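One structure is given here, and the rest of the page talks about it.
Any read-out appearing in this document is the output of simple, stated calculations on the displayed coordinates, not a laboratory observation. Worth saying up front: this structure is predicted, and the values here are computed from it rather than measured. With ideal geometry, Cβ positions are generated from the backbone for all residues, glycine too; neighbour counts draw on all protein chains shown.
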Amino acid sequence: MSADRIELRGLRAFGRHGVFDAERELGQEFVVDVTLHLDLRAAAEGDDLTRTVNYGVVAQEAVAVVAGEPAALIETVAGRIAAACLAHGLVERVEVAVHKPAAPIPLPFDDVVVRVERSAVRRAVVALGANLGDRRAALQGAVHALAATAGTSVRAVSPVFETAALVLPGSPGQPDYLNAVVLVDTALAPEALLARAHAIEAAYLRERSERWGPRTLDVDLVAVDGVTSDDPALTLPHPRAAERAFVLAPWAAVDPGAQLPGAGNVAQLLAALPDEERAGVRRRDDLALFPPGGEAT
């Protein structure tokens, strides 16, 4: 979890939240504090607003919650604001405090504050591939490395499929790939999960010397629930996933109802591929991977 944060303090808005009828009828002023935890290095290095979260937008969203549908409890208001903040894909964790200085308490007091803290836990689809060395061992190692990642748990591991390598025209042939898909639940921002994927690749001496070159290990972030991105450094969902049988076949096998955002049902996308594309992906149950702490899937 990143130590960077954006803090918004003392945001004031009028709302009609409370248990008593008079609070709903007359309303009162609420004060909101928001702390967003996210990795700000890319934004700082590139001086790029698209690599951070616009605190002006966050302020508008928080005010809209306070001014919006009345709730009996300010706990509910704080939770709604936290959910709006976590909808920004870069946010890893959020703290929200809602102050109710005019609370109907018949005693002298300074303030009433409810504080909530929420982490973004999203389902992510990670594609694995290897065609050099001990291919199955590399995929198995990647599964365990993902499970060992802070804030991340492996929910399911697909069967293994063997696929002929894609090569550029005129390039020499390559060994076949082993491919699999891992479903993870993670509190990491997509950028942090991608950095972890690259670190796992590096541990297996992955080289990026040529496009479509052979790989000891490929760890690709295919999709993250609720997150879309046009950033060339991390495009989500993966722009070529709908065309790749070696991604769609294991994904459909582990989650038959899966949807690729913007493209449709994964199993249907697989069925729509040319026959030769689908025929080139062969399920290898003899090379099944073990999920962390469990039996082979």
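What is the calculated FRET efficiency for Glu117 to Leu166, with r their C-beta to C-beta distance and R₀ = 41 Å, to the nearest 0.05? Calculated value: 0.35. Suppose the Debye formula is applied to equal point scatterers at every Cα of the stretch 1-65; what is log10 I(q)/I(0) at q = 0.14, 0.20, 0.24 Å⁻¹? Reported log10 I(q)/I(0), two decimals: -0.54, -0.82, -1.00. Computed about the Cα centre, the dipole magnitude for the stretch 1-63 is approximately 40 debye when only Lys and Arg (+1) and Asp and Glu (-1) carry charge, each at its Cβ. A simple charge model with +1 on the Cβ of Lys and Arg, -1 on the Cβ of Asp and Glu and nothing else charged puts the dipole of the chain at about 400 debye relative to its Cα centre. For the chain, the longest principal axis of the C-alpha atoms and the axis of helix 55-67 are separated by about 60°. Label point of Gln60 set 7 angstrom out along Cα-Cβ; within the stretch 79-96, amide nitrogens under 15 Å from it belong to 85, 88. Scaling the Cα radius of gyration of the stretch 5-119 by the globular reference 2.2 N^0.38 Å produces a ratio of 1.15. The overall shape of the stretch 122-287 is rounded: from the C-alpha gyration tensor, with semi-axes ordered a ≥ b ≥ c, the ratio a/c is less than 1.5. Here the stretch 122-287 is treated with +1 on each Lys and Arg Cβ and -1 on each Asp and Glu Cβ, and its dipole about the Cα centre works out to around 220 debye. Per residue, the chain reaches -8500 deg cm²/dmol at 222 nm when only DSSP H runs of four or more residues are counted, each adding -39500 (n - 2.57). With contacts taken as Cα pairs under 8 Å and at least 6 residues apart, the chain reaches a relative contact order of 16 percent. Using only the Cα atoms of the chain, build the gyration tensor, take square roots of its eigenvalues as a ≥ b ≥ c, and label the shape rounded, prolate or oblate: rounded if a/c is under 1.5, else prolate if a/b is larger than b/c, else oblate. In terms of gyration-tensor shape, prolate. The residue list Ala82, Gly280, Leu26 was ranked by how far each Cα lies along the charge dipole of the chain toward its positive end, using unit charges on Cβ atoms, and Gly280 comes out on top.
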